[in-house]
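Q: Have a look at this one before I ask anything.
The values are calculated or read from the model by the stated rules, or taken from the named source; none is laboratory data. Every value quoted in this text rests on a predicted model; they were computed, and no experiment measured them. Don't worry about glycine lacking a Cβ; one is built from the backbone with ideal geometry, like all the others, and counts go over all protein chains shown.
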């Protein structure tokens, strides 16, 4: 019986509203493994921008919302997409918030892809 790849839940990455600026800052640590599922949550009272390189605006996460990416749904072993081990995400505000936090939640494939 094949079971596929075991998942690993990674530590929560958080940036509080007071630490958000108009310049990109790291959002959590670099990916500890090949990320299969990533959720960006924004509980601030302003939109935030997410970047995969610390320069380019790649994603907007609206006020009090989240964005979920399941790169490897219904795939096993080396099938499906993933975010590479060591990749880093960054966050900045679109306008200065006065409350809330931004989070990144990551599920990786334990032991490789």
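Q: Kindly list, by first and then second residue, each pair from a residue in region 86-98 that is at positive phi to a residue that is surrounded by fewer than 19 Cβ atoms within 10 Å (Cβ to Cβ) and at pLDDT below 95, limited to pairs with Cβ atoms under 8 Å and residues at least 6 apart or on different chains.
A: 86/30
Q: Mind checking which residues of region 30-51 are surrounded by 14 or more Cβ atoms within 10 Å (Cβ to Cβ) and closer than 17 Å to residue 84 by Cβ?
A: Those that are surrounded by 14 or more Cβ atoms within 10 Å (Cβ to Cβ) and closer than 17 Å to residue 84 by Cβ: 31, 32, 33, 34, 35, 36, 37, 38, 50, 51.
Q: Taking region 15-29, which residues are over 13 Å from residue 101 (Cα atoms) and either touching a helix residue (DSSP H, G or I) at 6+ places or on another chain (Cβ under 8 Å) or surrounded by 15 or more Cβ atoms within 10 Å (Cβ to Cβ) (or both)?
A: 24, 25
Q: In region 38-84, which residues are at pLDDT below 90 and either under 15 Å from residue 23 (Cα atoms) or under 16 Å from the mean Cα position of the chain (by Cα) (or both)?
A: 70, 71, 72, 81, 82, 83, 84
Q: Right, here's the next one. Every residue in region 3-60 that is more than 24 Å from residue 72 (Cβ to Cβ), assigned to a loop (DSSP other than H, G, I, E, B) and in contact with a strand residue (DSSP E or B) (Cβ under 9 Å, 6 or more places away or on another chain), please.
A: 20, 21, 22, 23, 24, 43, 44, 46, 47, 54, 55, 57
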